[in-house]
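The values are calculated or read from the model by the stated rules, or taken from the named source; none is laboratory data. Model, not experiment: these values are computed from the prediction. No Cβ is skipped: glycine too gets one built from the backbone with ideal geometry, and neighbour counts run over all protein chains shown. Ligands, DNA and RNA are excluded from the accessible area calculation, which covers all protein heavy atoms including side chains. Shrake-Rupley method; radii C 1.70, N 1.55, O 1.52, S 1.80 Å.
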Amino acid sequence: MAEGTKREKHKIILEDRERLSMTGVIDVLSFDEDSIIADTEKGMLLLRGSNIHVGKLNLEEGEVTVDGTIDTIEYSEDGIAKGKNSLFNRIFK
């Protein structure tokens with residue numbers, strides 16, 4: 001984290017499964033219309049759904065908003081690239 005940058009704790013607000021706001025985001029690693037993979041203060045986060053679009057992306061503040069139909073919110077403690085149970089391996093079976 002850059003000096004002088006203050007991040008909020010990780011928080012997710014989901015409204016009607018159609019609009020998601022989150023804080024505590026370190027980086028967005030991948031996104032398309034069906035999924036988003038983000039590195040957060042609490043581990044890797046996978047969002048799945050349909051017609052997903054990133055509305056606001058401010059990594060300096062750690063804030064992201066997402067529009068679309070949200071079906072799944074999943075955290076991974078073991079990261080994205082470690083072993084057979086990693087997040088990427090489970091996504092791309």
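Using a basic spin-label model with each label point 7 Å from the Cα along Cα→Cβ, how many nm lie between LYS9 and ILE73?
1.5
What number comes out for accessible area per residue over region 25-82 if the probe is 1.4 Å? Units Å², please.
Ligands and nucleic acids excluded, the figure is 52 Å² per residue.
Arranged from highest to lowest average of other beta-carbon atoms within 10 Å per residue, in what order do the peptides 33-44, 52-63 appear?
Top of the packing list down: 33-44, 52-63.
Please give the FRET efficiency for LEU59 paired with ARG17, using the beta carbon to beta carbon distance and R0 = 25 Å, rounded to the nearest 0.05.
My answer for the efficiency is 0.50.
As a test of reading the structure, rank LEU45, LEU29 by solvent-accessible area (1.4 Å probe, protein chains only), most first.
The ranking, largest first, comes out as LEU29, LEU45.
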